[in-house]
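See below for the structure under consideration.
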Amino acid sequence: MDSFHRIPDHYWDRIVRPSRPWWNLPAKEIWEYRDLILLLFRRDIVAVYKQTVLGPIWFFMGPLFTVAVYTLVFGRVARLPSDGVPPPIFYMSGILLWSFFSSNLTAITGSLVQNASLFGKVYFPRLVVPLSILLSSLVKLGIQAIMLASILLYFIFFQNFTWRPSLLLCILPLLLIILAAIALGLGLVFASLSTRYRDLNHLVGFGVLLLMYASPVIYPASFVPESLQQLFSLNPIAPILEGFKAGLFGLDFSNWWGLFYSFCFALGSLLLGLMAFHRVEGKFVDFV
């Protein structure tokens, strides 16, 4: 055993060291394992609809059913306002970004526990799994964006809807980056905690549902009573959804401080998530 430890580092093709500073991300290693990211991405896409009758059509059916139910319940029964936008388009635009956030958060939260057997067999940068989840969510987001464009074109050509997007729509890539950073940061925090506390997965799912009703997905931000505006402003997802809808439909938007708060929240949650993930990634397999 002593002679083993005296073997110089240059003898080995790769050296996996047990610790590194949390801010020292293995970016080079992650790039070297890009093929694994694509493989896990393919698994996430194929496994969801494997052995189903409709297969990938569920990518379209799920959001369409959701929009239909929201239009009936919140548009026809509850009669919630939609800022002059046809309810199906209004709800679909909210579902577009909200599904991206919620699916990433819940999937990343359970990624360590669900892939524990894989982690125990072979080494690779553990951040590869959350990144593959983000990639698959981007594909789903693109599919839902095509659906939104189709519904929008229908209302423009057949329902005489006047579409006036604003230049605010140009910052959509920035909004997606902020939203992805929040989902990744919080997901890594919850994933790190869930390795010891399995109940957290259920709490996150319940919390995401509650957060949806506290976000302008099915109602405009202007619908929130003045007495609740201060509490509503604590939600970092709200300004992102509000800004996207304002850019897509040409609505008034002045909540720039809210977007700055969302950016700061995303940065803080991402740093906290990386710190928490670094603390558990080397030893969580021992007690999962």
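May I ask you to order 62-69, 239-246 by the average number of other C-beta atoms within 10 Å around their residues, highest value first?
In descending order of packing, they fall as 239-246, 62-69.
Work out the charge dipole of the stretch 139-288 with +1 on the Cβ of Lys and Arg and -1 on the Cβ of Asp and Glu about the Cα centre, then indicate which of Gly250, Leu167, Val139 is farthest towards its positive end.
Result: Val139.
Of the listed peptides 223-233, 93-103, what is their order by residue-averaged count of other C-beta atoms within 10 Å, with the highest listed first?
93-103, 223-233
Candidates [x] 6, 21, 19, 11, 8, 8, 9, 9, 6, 2, 0; [y] 6, 28, 38, 24, 4, 0; [z] 6, 24, 31, 22, 11, 4, 2, 1, 0; which is the computed P(r) over Cα pairs in 10 Å bins from 0, in percent?
Computing P(r) over Cα pairs in 10 Å bins from 0, in percent and matching it to [x] 6, 21, 19, 11, 8, 8, 9, 9, 6, 2, 0; [y] 6, 28, 38, 24, 4, 0; [z] 6, 24, 31, 22, 11, 4, 2, 1, 0 gives [z].
None of the figures in this text is laboratory data; all of them are computed from the coordinates on show. Because the structure is a prediction, the values reported are computed rather than measured. Every residue, glycine among them, receives a Cβ derived from its backbone with ideal geometry; neighbour counts consider all protein chains shown.
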